[in-house]
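J.: Attaching a single structure in C-alpha cells format; questions to follow.
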There are 2 protein chains.
Amino acid sequence: MYIPEFKDVVAASEAIAPFVHRTPVLTSRQLDAIAGAHLLFKCENFQKVGAFKFRGATNAVLSLNEEDRRRGVVTHSSGNHAAALALAAVSRGVRACIVMPSTAPEVKKRAVAGYGAEITFCEPTLAAREAAAAEIIRRTGATMIHPFDNFNIIAGQGTAALELLTDHPSPDAVLAPVGGGGLLSGTAITARHLAPSIKIYGAEPILADDAARSLHTGTLQPALPPRTIADGLLTSLCERTFTVISKKADDILTVSEEDIKEAMRLVWERMKIIIEPSSAVPLAAVLGNRHLFAGKTVAIIISGGNVDLAKLPFGQHA
Amino acid sequence: MYIPEFKDVVAASEAIAPFVHRTPVLTSRQLDAIAGAHLLFKCENFQKVGAFKFRGATNAVLSLNEEDRRRGVVTHSSGNHAAALALAAVSRGVRACIVMPSTAPEVKKRAVAGYGAEITFCEPTLAAREAAAAEIIRRTGATMIHPFDNFNIIAGQGTAALELLTDHPSPDAVLAPVGGGGLLSGTAITARHLAPSIKIYGAEPILADDAARSLHTGTLQPALPPRTIADGLLTSLCERTFTVISKKADDILTVSEEDIKEAMRLVWERMKIIIEPSSAVPLAAVLGNRHLFAGKTVAIIISGGNVDLAKLPFGQHA
C-alpha cells in the first residue's frame, strides 16, 4: 500500500499549479472574538468546482501515462469528486466516465455533464455503482480514480495545507473535516513535516463518527447509516487513509448537527462567504473544544462551497 | 449646496484608511462567460458592518470638530447606515443616537445596540423618525448625519471607486446600485475624474426607478411605494445626489425583481460569496443590457452582504 510522503505533496503542488486556483487564507476579527482564538481559513470553497477535490483529481489525471490518458478515467460518485474529476480530465483532453446513482440531484447531474463527462446512471447502491464502473473499465480500459483511496489523490489534497503553511508558517493547530480521509491524510502528511509540533485534528459529525471510533479503537470501523447534514462526510476511512491518520493526526473531534448548522451560519453571516455544511464541521469543533484552542492560532481548511440554495438549514423566523 | 470634488474623495480615503478594510476586487471566469464581458467586483460586502456605508459614516465622524464630537451624532435609519454610523462613532469615542422604527427587524436592532449606540424607537413613519431625531438634536446638540444628503458621506462612499480604479485603472464601465444616490455620486465623482471617458451607470429596480425617471425627465422624481426585494434601494435621490448624477453619470439602468434574484443566485452559486439583493442589481443590469457591455471590462461595486438567512429569495425545488 503506497502512502504519499511530503515530497509527493510538493511534486503534486508543482504539477497542478498551472491548473488550480491558489485560494486565499481569510481571517475574521468577529469570529476570532467568538472563538477566543486566531482563526485562519484556507478557502477551498473558492477552488475550481467549488471544492478542494479539484486538487487531487487534477493530480491524478496529470499522473496518468500516455496509454492511460488515451483510455480515460472512471469514478463513481455523486458529489464534489465527480465534478472535480470531470473537469480535471476533460480540460486536459482525457475522457471521463462518471457513474452516478439515478437518484442524484439534477443540479449535480447537470454540473458533471456540463464539464463534458459521460455519465452512466445506475441503481443507488454501492454494489450497482461498483458493477457499473467495472463494466466501463472492462470495456474501455479506463483507470479508476477513487475519491480518496488513491496515492495521487491524497498527495493532491495535501497541496491545500502546503499553500496554507507557506502563507502562514506556524499555526498552533490545523483542522480539516474527515469523511473518507483524503483531505485529512494529505493535510497531516504536509503539516507534520513542516511543523512537527503542530496539533492536527480531523473533525466529523457525531452522526458519522467512524473516523473517531477507528482512531480511538485502533481498528478501522464501518460507517453508520448516512444521516448528517454534512453530506461530504458520509464515507468512511479506507486502510490507506486510516494508516496515515492514525500515525500523523492527534485526534478526531466530533460535533452535533446543531453545532454544524450554527458554525455554518456564523461563517455566512460574519464572513459573507458560502461554505457547505461539511466545511463548518472544523469550526464547530473549535467552538466546542475551547480548552484545546483558547488563545491559539488555529488553521481550518474550508473544504468547499457547494450547497443547494433551495434547501438551506436556516429555519424561517419572524 | 456643497458637492464633493475628487480631491475630497482623496482626502476621505487618507482619513479613513486606518479604520476601514481595503476590500478585494474579485473576478470569476464563469460569470465572465455568462456575461460575455470581463467583470471586476469591488467587494464591499467584506467591508466592516458588511456594507460600503461604513466608509461614508467613518468619514463623517472624522470630519466633526472637537465640540461636535463631544455632542455626538444622530441619524434615523433601519438599514446599513444605522449600523455603520453606530460602529464608526462609538469606536472613535463619539456618542451615537440612532432613531429606528419599532417595527425594524430584531436582528438590526441587536446589531446597532451591539455596536454601542443608543436606540430611540418611534412609529414607522418618516414624520415620526424626523421628529424623534429633531428632539434628540434639540436636547443634546448632536449632529445629524444623513445617509446620503451629506458632503462627507458622499466623499467617503467615493473611496470604494478610488480603490477599485487604483487596482484596475481602466475599465470601460463602472456600475453602482442607486437608492439615495450617495454611493453612485461618490463613484461618479471619482471615476469621471480618473477615467474621463469611462461609462458610469447607476442600476436600480424597476419597482424603485425614481432615479431613472429623474435622470430621464431632468427633474427630481419622488419614490414609488417600496416594494422591491432590494431593500437598500428604497429611498429616492435628494437634490445634492441628483445634481451630481445628472452631471457625471451616463444613464440609470433598471431591472426586474426576477432578474435581481437570478443575478444574486449566480453570484452566490458561482462566486461563493454572500451579497445582498441591492448588490445584485448592477450585475442584473449588465446581463440585461448586453449591447452596452459585450466584450468590455466592467467594474461593479458590490455594495453589501447583509441578508436575513431565514428569508432568502431562493424557492424550494425538488
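Each value in this text was obtained by applying a stated rule to the coordinates, not by laboratory testing. Just so it is clear, the structure is predicted and the values come from calculations on it, not from any experiment. Here the Cβ is made from the backbone with ideal geometry for all residues, glycine too, and neighbour counts use every protein chain on show.
J.: Run the Debye formula on the Cα coordinates of region B:6-82, all scatterers equal and no solvent, and tell me log10 I(q)/I(0) at q = 0.21, 0.24, 0.27 1/Å.
T.: -1.02, -1.14, -1.23
J.: Oh, and also: Label points 7 Å out from Cα along the Cβ direction at residue B:103 and residue B:166: separation in nm?
T.: Here the modelled spin labels are 4.3 nm apart.
J.: What area, in nm² and to one decimal, does the C-alpha convex hull of the protein assembly as shown cast on average over all directions?
T.: Details: hull surface 114.7 nm².
If you wrap the Cα atoms of the protein assembly as shown in a convex hull and average its projections, you get 28.7 nm².
J.: Where q = 0.15, 0.18 Å⁻¹, what log10 of I(q)/I(0) comes from the Debye formula for region A:182-318, counting one point per Cα?
T.: Each listed q maps to, in turn, -0.74, -1.05.
J.: Sticking with this one: Local charge sum around residue B:192 (other residues, Cβ-Cβ under 13 Å, Lys/Arg +1, Asp/Glu -1)?
T.: Values: positive: B:199, B:247, B:248; negative: B:5, B:250.
Once all neighbours under 13 Å are counted, the net charge is +1.
J.: Give the average, rounded to an integer, of partner chain Cβ atoms located within 10 angstrom of each Cβ in B:272-281.
T.: Numbers: counts 15, 7, 7, 1, 1, 0, 0, 0, 0, 0.
That works out to 3 on average.
J.: In degrees between 0 and 90, to the nearest 10, how far off the longest principal axis of chain A does helix A:182-194 point, with axes built from Cα atoms?
T.: Here the helix axis deviates by roughly 60 degrees.
J.: Follow-up. Taking a label point 7 Å from Cα toward Cβ, how far is residue A:290 from its twins in the other copies, in nm, shortest first?
T.: 5.5
J.: May I ask you to report, in nm to one decimal and beginning with the shortest, the distances from residue A:128 to the same position in the other copies, taking label points 7 Å along Cα-to-Cβ?
T.: 5.9
J.: Per DSSP H run of n ≥ 4, the term is -39500 (n - 2.57); total these for chain A, divide by its residue number, and report the mean residue ellipticity at 222 nm rounded to 500 deg cm²/dmol. Please list the in-between numbers first.
T.: Working: 14 runs with 143 residues, N = 318.
That calculation yields -13500 deg cm²/dmol at 222 nm.
J.: Another question, then. To the nearest 10 degrees, how steep is helix B:239-248 against the longest Cα principal axis of chain B, on a 0 to 90 scale?
T.: Approximately 30 degrees, to the nearest 10.
J.: Run the numbers on region B:54-144 and let me know its relative contact order in percent, using alpha-carbon pairs under 8 Å that are six or more apart. It would help to have the intermediate numbers written out before the result.
T.: Numbers: 158 pairs, mean separation 29.0, N = 91.
Worked out over region B:54-144, it gives 32 percent.
J.: Using 1/(1 + (r/R0)^6) with R0 = 25 angstrom and r between the beta carbons of residue A:121 and residue B:29, what's the FRET efficiency to the nearest 0.05? Intermediate results must be reported in sequence, preceding the final value.
T.: On the way: r = 30 Å, r/R0 = 1.18.
Rounded to the nearest 0.05, the efficiency is 0.25.
J.: OK, next. Shortest first and in nm with one decimal, please list how far the residue B:139 label point sits from its counterparts in the other copies (point 7 Å along Cα→Cβ).
T.: Label-point distances to the other copies, shortest first: 7.9 nm.
J.: Under 5 Å between amide H atoms, partner at least 5 residues away or on a different chain: which partners does residue A:77 have, H built in plane at 1.01 Å?
T.: Under 5 Å from the amide H of residue A:77: A:99.
J.: Cross-link partners among aspartates and glutamates for residue B:296, C-alpha distance below 18 Å, same-chain residues fewer than 8 apart left out?
T.: List returned: B:32, B:167, B:172, B:250, B:251.
J.: Quick one: grab Rg to one decimal and Dmax as a whole number for region B:104-240, Cα atoms only, in Å.
T.: Radius of gyration, then largest Cα-Cα span, for region B:104-240: 17.2, 50 Å.
J.: Separate question: Can you give the relative contact order of region A:12-70 as a percent, counting alpha carbon pairs under 8 Å and 6+ residues apart? Walk me through the intermediate numbers first.
T.: Numbers: 46 pairs, mean separation 21.1, N = 59.
Value for region A:12-70: 36 percent.
J.: Cα-based Rg (one decimal) and Dmax (whole number) for chain B, in Å?
T.: 18.4, 61
J.: Expressed in nm², what is the orientationally averaged projection area of the convex hull enclosing the Cα positions of region B:54-144?
T.: Details: hull surface 20.1 nm².
Across all orientations, region B:54-144 yields a mean hull projection of 5.0 nm².
J.: Residues with beta-carbon under 10 Å from that of residue B:120, excluding residue B:120: net charge, scoring Lys, Arg +1 and Asp, Glu -1?
T.: On the way: positive: B:129; negative: B:118, B:135.
Its environment carries a net charge of -1.
J.: With a Förster radius of 25 Å, plug the Cβ-Cβ distance of residue A:217 and residue A:296 into 1/(1 + (r/R0)^6) and report the FRET value to the nearest 0.05.
T.: Values: r = 28 Å, r/R0 = 1.13.
The pair residue A:217/residue A:296 has a calculated efficiency of 0.35.
J.: Something else now. Return the percentage of antiparallel bridges among DSSP beta bridges fully within chain A, rounded to the nearest 5 %. Kindly include the intermediate steps, with their values, before the conclusion.
T.: Numbers: 3 of 33 bridges.
Around 10 percent antiparallel, to the nearest 5.
J.: When Rg is the radius of gyration of the Cα atoms in region B:239-302 and Rh is its Kirkwood radius, what does Rg/Rh come to? Before the final figure, lay out the partial values.
T.: Working: Rg = 13.1 Å, Rh = 12.9 Å.
Value, to two decimals: 1.01.
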